[in-house]
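The values are calculated or read from the model by the stated rules, or taken from the named source; none is laboratory data. These numbers were taken from a predicted model, which means no experiment stands behind them. Quick reminder, even Gly has a Cβ in these numbers, built from the backbone with ideal geometry, and neighbours come from all protein chains shown. Keep in mind that these areas ignore ligands, DNA and RNA; they rest on the heavy atoms of the full protein, side chains included. Shrake-Rupley method; radii C 1.70, N 1.55, O 1.52, S 1.80 Å.
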Amino acid sequence: MKKRLLVLLVTLLSSPSFAQFSEKAQVSLYGNLGFPMGEFRQAIQNSIGGNGVGLGSSILFNPKKEAAYSPVLLGIEFNYLHLGTEKTPESTFLPQLKTSYNYITLGPVVRALLSQREEGIVPFVDGFVGMKLLNTKTRIDNTIIDTLLDQEYLESLLSTNYEGLGYGMGIGFFTRKLDKGGINVGNSFYLKLNYAYGDRLTYVRKGSIAVDSEGFITYKNGKTQTGMITLQAGIMLF
C-alpha cells in the first residue's frame, strides 16, 4: 500500500500539470478600478461614487540564472487612477477652469508563486513598497467650439503634487497554457485584488479652487489617509 502511494505521488509530481515551469520575465498590462476607503473616499467626492479608474503595468524578473525555477519574482509596478474632475466658474480674469485629480504609485514589487503548475491557474501573492502621489492639474475648460476652431488651451495653469511612502499587499492569479507542441503560448489572463495604504498625504480640497481679485488661482489643502482597495484585470505576457 505504501509503495502504491509513493508511486502515485511521484507520478503526480512528475506530470506536466505539476512540473516546475518558469519564465524569464512576466509583463502585465491591466485596467485599474480603485475603491478608496474611509476619509479618503470623503476627500475625493467625485461623480463616480468616490472611486477611481485607470491603467497600470508591471514587469517582474526571475532572479535565478538560465531561467531555473524560482517561486519568487522581483520587479517594478506602476499604477494610475483618475479620481474625477471639478470645474471652477468663469471669472473676470479667466474662463471656466477644469481640474483633474489623479493618484499614482510606483515602486518595487515582490511576487511569490503559490503553484508550480505548467498548465492551469497559478495563484500568487504580491508585496509592494514605493512612492504614492496625489496630483492635480488645472486647465482652461475647452468647449467643443474651441476644439473645432483649433483654439484649445492645453497648458496647465496649476499643477500640484503631494507624495509619500506607500505599501501594498495583493492576491491574484494568472493562467498558463501550452500549445500542441508543449510550448507556453506566451500570454495569459491576469487578475489581482490589492490593498494599498501608507503615509497620510496632503491633497487639494474639492470645491476650494478659485480665482482671486488679482487673477491668481488659489486653493485650500487638507490631509487624508490613503487606504484603498484596487482590482486589476488584464493580460500577462511571458
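The set of residues in the stretch 126-142 being buried (at least 16 other Cβ atoms within 10 Å of the Cβ), under 23 Å from Ile44 (Cα atoms) and of a type outside the set (Asp, Glu) consists of Gly130, Lys132, Leu133, Leu134, Asn135, Thr136, Lys137, Thr138, Arg139, Ile140. Determine if the stretch 185-199 includes at least one residue that is hydroxyl-bearing (Ser, Thr, Tyr), exposed (fewer than 14 other Cβ atoms within 10 Å of the Cβ) and either at positive phi or at pLDDT 85 or above (or both). Scanning the stretch 185-199 turns up no residue that is hydroxyl-bearing (Ser, Thr, Tyr), exposed (fewer than 14 other Cβ atoms within 10 Å of the Cβ) and either at positive phi or at pLDDT 85 or above (or both).
What number of residues within the stretch 203-233 are in a strand (DSSP E or B) and either of a type in the set (Val, Ile, Thr) or crowded, with 19+ Cβ neighbours inside 10 Å (or both)?
We begin by selecting, within the stretch 203-233, every residue in a strand (DSSP E or B); these are 203-204, 210-211, 217-218, 221-224, 228-233.
With either of a type in the set (Val, Ile, Thr) or crowded, with 19+ Cβ neighbours inside 10 Å (or both) added as a condition, the list becomes 203-204, 211, 217-218, 224, 228-230, 232.
Within the stretch 203-233, residues that are in a strand (DSSP E or B) and either of a type in the set (Val, Ile, Thr) or crowded, with 19+ Cβ neighbours inside 10 Å (or both) number 10.
Please enumerate the residues belonging to the stretch 103-125 that are under 22 Å from Ala43 (Cβ atoms) and open to solvent by less than 60 Å² (accessible area, probe 1.4 Å). Tyr103, Ile104, Thr105 - these are the residues of the stretch 103-125 that are under 22 Å from Ala43 (Cβ atoms) and open to solvent by less than 60 Å² (accessible area, probe 1.4 Å).
Restricting Ser100, Ser47 to those that are open to solvent by 40 Å² or more (accessible area, probe 1.4 Å) and more than 21 Å from Phe238 (Cα to Cα) reduces the list to Ser47. Within the stretch 54-70, is there a residue that is modelled with pLDDT of 85 or more and within 30 Å of Val211 (Cα to Cα)? Yes, the stretch 54-70 contains a residue that is modelled with pLDDT of 85 or more and within 30 Å of Val211 (Cα to Cα).
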